[in-house]
Structures are given as structure tokens and as C-alpha cells.
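A short reminder: the numbers here are calculations on the coordinates, not readings from a lab. Just so it is clear, the structure is predicted and the values come from calculations on it, not from any experiment. We place every Cβ from the backbone using ideal geometry, glycine too, and count neighbours over all the protein chains shown.
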Number of protein chains: 2
Amino acid sequence: MYIGIDLGGTNIAAGLVNDECEIIASKSVPTCADVRTGEEIVKAMAELALDLCKENNVDTADIQWVGIGAPGTIDSENGIIAYANNIRFFNTPAAKIFRETFDVPVYLGNDANCAALGEAYAGAAKNARHAIMITLGTGLGGGIIIDKKIYAGFNGAGGEIGHSVIVKDGRQCSCGRKGCWEAYSSATGLINMTVDAMKTDTEKKSLLWKVVKDGKIENVSGRTAYLAAKEGDELALSVTNAYEEYLASGIATVINIFQPEVFCIGGGVSHEGDRLMNPVRKLVSEQIYTRTIADLRQTEVKLAELGNNAGIVGAAMLGK
Amino acid sequence: MYIGIDLGGTNIAAGLVNDECEIIASKSVPTCADVRTGEEIVKAMAELALDLCKENNVDTADIQWVGIGAPGTIDSENGIIAYANNIRFFNTPAAKIFRETFDVPVYLGNDANCAALGEAYAGAAKNARHAIMITLGTGLGGGIIIDKKIYAGFNGAGGEIGHSVIVKDGRQCSCGRKGCWEAYSSATGLINMTVDAMKTDTEKKSLLWKVVKDGKIENVSGRTAYLAAKEGDELALSVTNAYEEYLASGIATVINIFQPEVFCIGGGVSHEGDRLMNPVRKLVSEQIYTRTIADLRQTEVKLAELGNNAGIVGAAMLGK
């Protein structure tokens with residue numbers, strides 16, 4: 001039995017995971033990142049793990065290890081969280097602190113990487129040796145799985161696929177560069193493109209103004225454009241078409257580099273399902289470098305399958 | 001002792017390589033790709049390897065294996081060259097054909113990948129576990145080394161780093177897409193940018209017209225812009241500055257994804273040395289995602305060290 005912990009900015013979620021990668025019980029508590037130090041959050045994670053065992057009558061001696069997926073840059077070799085954007089970790093020796101409360105082997109990984117590992121063990125990529133996962137949320141998170149293991153480079157900071165410039169001098173990205181894939185293909189990118197399109201529609205003729213809450217541009221979400229596009233609204237379709245083009249361009253580039261068995265897509269925008277995936281698959285197949293090579297096996301582009309559980313499952317598999 | 005073979009469109013080069021990755025003898029013959037089938041070229045490689053042993057009094061029984069670096073898509077597991085652009089290979093069982101003439105273990109790899117492996121064993125990346133190499137020649141070849149081995153994806157076609165779109169709807173690339181890194185940062189890309197700049201200079205005031213052979217635009221080479229830029233020519237500097245910006249943008253993206261210990265650069269344009277590398281290193285350091293993380297080890301951006309020998313050395317190391 002293993003415990004996987006998914007540390008988010010809002011909640012800490014922990015799950016008991018068995019050898020079949022099933023979550024047999026889970027529990028979560030607020031992170032309170034605004035009032036807690038990194039050390040305090042690590043202690044809260046250890047207490048949560050102990051509580052989870054207690055409430056489910058699991059002997060802590062039966063826990064082979066605990067895996068933690070945390071945002072930021074992880075030094076997994078030394079059990080250190082080097083840096084995170086939204087939680088106060090600065091070279092925090094998380095594994096050591098955790099074991100002061102719950103003495104068990106502790107493995108650390110980046111949260112996006114853990115989600116990819118979860119999909120590779122029990123989700124969309126479970127039959128793949130090499131897989132890439134992207135998460136289309138506030139940002140564009142990336143996870144690289146090579147030989148069924150997380151690849152994060154020599155310093156643990158690799159896998160930042162979202163911070164690939166795809167449009168020279170393009171949209172401003174949160175990372176400081178311009179034109180990153182994240183600035184176009186994250187949910188935030190989709191929202192920005194939707195807002196820009198609405199601003200051009202000064203007479204408010206587009207359905208976009210009807211489907212958005214209270215008709216207010218500040219309520220545009222990642223769903224707005226797809227809701228109006230479904231009804232055939234032209235302005236909305238111009239947004240979703242452009243969004244899919246940027247997304248597919250980035251996916252084709254990543255496939256050219258990695259040629260993984262599976263490229264899988266999760267996060268909020270992926271809930272559009274086939275409406276998103278069908279045009280994206282077509283665009284990708286028209287662009288990949290290997291499209292003309294006869295008999296060559298090609299990458300499958302799939303939806304992620306585990307949703308929010310991917311992080312817990314992947315964290316639990318960190319010790320494999 | 002090993003034999004490494006570097007199969008090019010013009011010549012087949014073979015070298016006897018020892019355990020210290022030194023080439024102790026080498027020999028080359030023309031490829032004759034226009035008049036020979038893929039099978040005939042494989043046989044010529046086997047004969048070249050036998051001749052190399054004979055001329056150097058090496059017993060063929062002392063050859064542990066032969067490694068072949070070939071252009072195109074390689075199925076290294078099954079010893080097959082699936083496809084190449086400029087040589088007639090179509091799912092050619094190269095290892096099997098080779099062994100009909102010289103019965104020795106045969107390993108196959110893509111030529112750009114072999115060059116990267118050579119640098120990783122004996123060149124710029126010899127202390128690196130993970131390394132990326134790009135070659136700035138007619139195209140922009142890429143090689144990915146992970147854990148001291150070539151990474152080429154599940155179908156052998158990975159590592160096409162040059163076919164990453166960095167400018168949406170940008171310059172036409174030979175692969176069919178628009179805006180690939182190769183279209184900007186290969187020697188061909190540099191030549192195209194130089195020609196475009198010269199066409200704007202209708203009065204031919206720029207030094208570019210003086211340094212190019214016979215003052216003719218059709219003689220522009222990958223050196224033209226750097227030759228004139230060295231003398232302070234403004235138009236030439238605008239070309240080399242733009243070239244370095246595209247190159248650095250792509251390098252920063254690849255570092256964000258892979259975080260290798262070493263990113264190394266070979267090929268014709270790399271002969272500009274520090275004149276190219278100093279501005280590129282500065283631009284990369286300003287753009288990488290990890291630039292603000294204190295104490296984090298950062299990727300070294302270096303010139304390749306082995307030149308044309310990288311392919312032979314890397315091919316010889318394919319069996320390691």
C-alpha cells in the first residue's frame with residue numbers, strides 16, 4: 001500500500017493507493033498557503049497521511065512509501081522542494097521534515113509530472129513506455145514520461161513544455177518571455193483570445209455576449225467560446241479554430257521531438273472532449289514530421305482519463 | 001575495438017575506435033547514392049569496414065561490434081533503416097545485409113543522434129548524463145541524449161528538434177510546415193535572411209556586397225553575414241542579431257523542456273565561435289524559465305568539440 005499526496009495551492013489531497021493503482025480512500029484539507037510556511041505545510045501533509053491511515057484502519061507499517069506531488073522545482077534526489085510559485089518553499093528539505101512526523105520513505109515530484117506519471121500507470125498512457133501529458137488549466141503544465149519514469153532533467157526543473165515560444169514576439173507569458181505556448185493554449189490563453197474577439201464586436205451581435213454570465217466580458221471563462229461555437233456563432237468559431245490551431249501546432253512540435261506512444265491532454269479545456277479533440281487530431285496528423293513515412297507507428301493523441309486523481313496516483317507511483 | 005560508420009549523402013566514412021573513444025584509423029569511400037540501391041550501399045559499408053581492418057592489420061575477431069549512423073528514420077531494435085530523404089532506403093534490413101559480408105554485431109542509429117552520442121562520450125558533453133546537440137548545417141539536426149543513450153521515441157523517429165514551429169505562419173520549412181526552427185537557425189536559414197537583407201539594399205551600400213564572392217547574391221553563404229558584421233556593417237549586424245535571436249529562442253525552449261547538463265552546438269555556423277556563442281549565451285540566460293531560481297544548476301551552452309569525427313565516434317558507441 002502507498003500514499004500519494006497532491007499538494008495544491010488551495011487543498012492538500014491524499015489517497016491510499018494499492019498495487020493496482022486504485023485509490024481506495026482519500027482525504028483532503030485546506031493548504032492555507034497564505035498563513036503557513038513551507039515547513040508547516042509539509043507537517044500538515046504528514047498529519048493528513050497519518051489521519052488517512054487511522055480513519056481507514058491501515059497500519060502505518062503497511063505503507064511502503066509516501067509520494068508527494070508539489071508545485072514548483074523539485075530536487076527529488078535529495079528530497080528538497082527548491083522553489084514554488086505560490087507556496088513558500090525555498091530549498092525546503094520536505095522529505096526530512098515529513099519523516100519527523102511520519103517515518104516512512106518519502107519521494108517527491110513536481111505535480112504536473114506526477115499527473116503524467118499517474119496517466120502512464122493507470123490512465124490514458126497505461127500501455128505506453130514513453131508518454132507526454134499536458135494540462136490545459138490556468139497554465140499549460142507538462143509532464144514527460146520516458147521508460148515509465150518522470151524525466152525532469154539534471155536539476156529537476158525540466159518538462160516545462162508550456163514555456164516553448166511558438167510565436168516569436170507574441171503574447172506576453174507569465175514566465176517573462178513573449179509567445180510561449182502557455183500564453184495561447186492554456187485556459188487563460190483561450191479566455192484572453194475570447195475577450196479580444198468580443199472587444200472587436202462592438203455591437204455585441206455575437207452569441208458570445210449571450211452565453212457569458214450577465215453578458216459581462218469580465219465573466220468570460222474557458223467554456224465561453226466553446227458554448228457559443230456549439231451554436232454555430234461565427235466569432236466564437238474563429239476563436240475556437242484559432243485556439244485549436246495553436247494547440248495542434250505545439251502538440252505536433254512536441255511529437256516531432258519525443259515521438260511518444262501517447263500524447264495525452266487533461267485540464268479544464270479538455271472537458272470539451274471530441275469537440276476539441278477531433279479537429280486537433282486532424283491538424284496534428286497534417287503537421288507531424290513523420291506523416292509521410294509509410295508503415296511507421298504514429299503517436300496517439302488522447303484525452304487524459306484520471307482527472308484530478310492523476311496527481312495522487314502518480315505521486316503514489318513515484319517510488320516504483 | 002569498435003568500428004563506427006558515418007553514412008553521408010556524399011561519402012561513407014568508417015573509423016576504428018578504441019575504448020577511450022579515440023579514432024585510431026579511418027577510411028572513406030564515395031556513397032554513390034545516385035546509382036546505388038540502399039542494399040548496395042549497405043554492402044559497400046561492410047566492405048569498407050573489412051578493408052579498414054585489413055589495412056590496419058586488425059583481426060576482425062577483435063571488432064566487438066560495428067555501429068552505423070545513417071540519415072533518416074531508424075528502427076534500431078530491428079536493425080532496419082525505415083526511410084531516408086536522400087538515399088534509397090525503404091524498410092531496408094541493414095543489419096542483416098551488413099552481416100552477410102561482415103558477420104559482427106551491428107547497431108544502427110540516426111546520424112544526427114550519433115553525432116550527439118559522440119559528443120556525449122568524448123566531446124563537449126562528456127561529463128553530462130543528459131545532453132542535447134544541434135547541428136547548424138543545411139538543416140538543423142538534433143540529437144537527444146538521456147542517461148548517456150540516444151532517445152529517439154517509440155518508433156525511432158524522435159529528436160527532430162529542428163522541426164519545432166517557433167514563428168506561427170513563418171518561413172516555409174522543407175518539412176512542409178511554416179515557421180520551423182530549422183527555417184531560421186540552419187545555415188540555410190541564415191543564407192535566406194542574408195539574401196533578404198541584401199535585396200532591401202538596392203543601392204548596394206552594405207559591405208555584404210563586398211564580402212560575397214563576385215558581388216553576386218547567389219554566392220551568399222552561411223559566412224557572408226558574419227564576415228561583414230565583423231567589420232561593423234549595419235545591415236549585416238541586423239542579420240546576425242536576428243539570427244542569434246531565433247537561435248537563442250529555440251535553445252531556451254529546448255532547455256526549458258530538457259534541462260540537460262550540456263546543450264552543444266555543431267555544424268558550419270558554429271565555426272563562428274565566440275562571435276556567435278557570446279551573444280547567444282547571453283540571450284539564452286535571459287530567457288530560460290529557471291533564470292530566477294537561486295542556487296539551481298543551469299545548463300551549459302557549449303560548442304561541439306569533435307567536428308566531423310562525432311558521427312564516427314557516436315556510431316561506434318551505439319553498442320554501449
Original post:
Given a Förster distance of 25 angstrom, what is the FRET efficiency for residue B:60 paired with residue B:10, based on the Cβ-Cβ distance and rounded to 0.05?
Top reply: 0.40
Original post:
In nm, what does the list of distances from residue B:320 to its counterparts in the other copies look like, shortest first, when each label sits 7 Å along Cα to Cβ?
Top reply: 3.0
**OP:** Over chain B, calculate the relative contact order: mean separation of alpha carbon pairs under 8 Å at least 6 apart, over the residue count, as a percent.
**Re:** 21 percent
**OP:** Report, for residue A:291, each distance to the same residue's label point in the other copies, shortest first and in nm; define the point 7 Å along Cα→Cβ.
**Re:** 3.4
Original post:
Most fluctuating residue of A:25, A:248, A:294 in a GNM of chain A with Cα springs under 10 Å: which is it?
Top reply: A:294
Subject >> Cα convex hull of chain B, projected area averaged across orientations, nm² >> reply: 17.6 nm²
**OP:** Pick out, in residue order, every one of the GluC sites (Glu not before Pro) in segment B:220-279 that is DSSP loop and has at most 15 other C-beta atoms within 10 Å; say none if there are none.
**Re:** B:231
Subject >> Mean ellipticity per residue at 222 nm, deg cm²/dmol - from DSSP H runs of n ≥ 4 across chain B, formula -39500 (n - 2.57) >> reply: -11000 deg cm²/dmol
Subject >> Sorted by Cβ neighbour density within 10 Å, fewest at the top, the residues A:111, A:6, A:103, B:233 >> reply: A:103, B:233, A:111, A:6
Subject >> Integer Hz, Karplus 6.51/-1.76/1.60 couplings in order for segment B:124-131, x for Gly and Pro >> reply: 4, 10, 5, 9, 9, 8, 10, 8
Subject >> segment A:200-320 shape via C-alpha gyration tensor axes, a/c threshold 1.5 >> reply: oblate
**OP:** Find the centroid of the Cα atoms in segment B:160-188 and in segment B:102-124, then give the distance between the two in whole Å.
**Re:** 26 Å
Original post:
How many angstrom separate the Cα center of segment B:4-72 from the Cα center of segment A:249-266?
Top reply: 35 Å
Subject >> 3J(HN,Hα) from dihedral phi, segment B:179-189, Karplus parametrisation 6.51/-1.76/1.60, rounded to Hz, x for glycine, proline >> reply: x, 5, 3, 4, 5, 10, 9, 6, 4, 4, x
Original post:
Which order results if A:32, B:53 are arranged by neighbouring Cβ count within 10 Å, fewest first?
Top reply: A:32, B:53
Subject >> Phi-based couplings in Hz for segment B:221-226 (Karplus 6.51, -1.76, 1.60; Gly and Pro marked x) >> reply: 10, x, 8, 3, 4, 5
Original post:
Distance in nm between label sites at residue A:103 and residue B:237, each 7 Å beyond Cα in the beta-carbon direction?
Top reply: 6.7 nm
Subject >> Volume per residue of the C-alpha convex hull in the protein assembly as shown, rounded to whole Å³ >> reply: 178 Å³
**OP:** Going by C-beta contacts inside 10 Å, put B:163, B:271 in order with the fewest on the left.
**Re:** B:271, B:163
Original post:
What does the charge dipole of segment B:174-265 about its Cα centre add up to, to the nearest 20 debye, if the Cβ of each Lys and Arg holds +1 and the Cβ of each Asp and Glu holds -1?
Top reply: 260 debye
Original post:
Taking the Cβ-Cβ separation of residue B:217 and residue A:218 as r and a Förster radius of 51 Å, what is the calculated FRET efficiency to the nearest 0.05?
Top reply: 0.40
**OP:** Would you tell me the mean number of C-beta atoms belonging to other protein chains that fall within 10 Å of each C-beta in B:281-287, as a whole number?
**Re:** 1
Subject >> Rh by Kirkwood over Cα pairs, then Stokes-Einstein D for segment B:116-197 at 0.692 mPa s and 37 °C, µm²/s >> reply: 242 µm²/s
Original post:
Any idea what diffusion coefficient segment B:1-65 gets from Stokes-Einstein, in µm²/s, Kirkwood Rh on alpha carbon pairs, 20 °C, 1.002 mPa s?
Top reply: 178 µm²/s
Subject >> Using alpha-carbon coordinates, inclination of helix B:38-55 to the longest axis of chain B, degrees >> reply: 70 degrees
Subject >> Partner lysines for residue A:148 [C-alpha distance under 19 Å; skip if fewer than 8 residues away on the same chain] >> reply: A:126, A:302, A:320, B:148, B:149
Original post:
Other chains near B:148-161: what is the mean number of their Cβ atoms within 10 Å of each residue's Cβ?
Top reply: 6
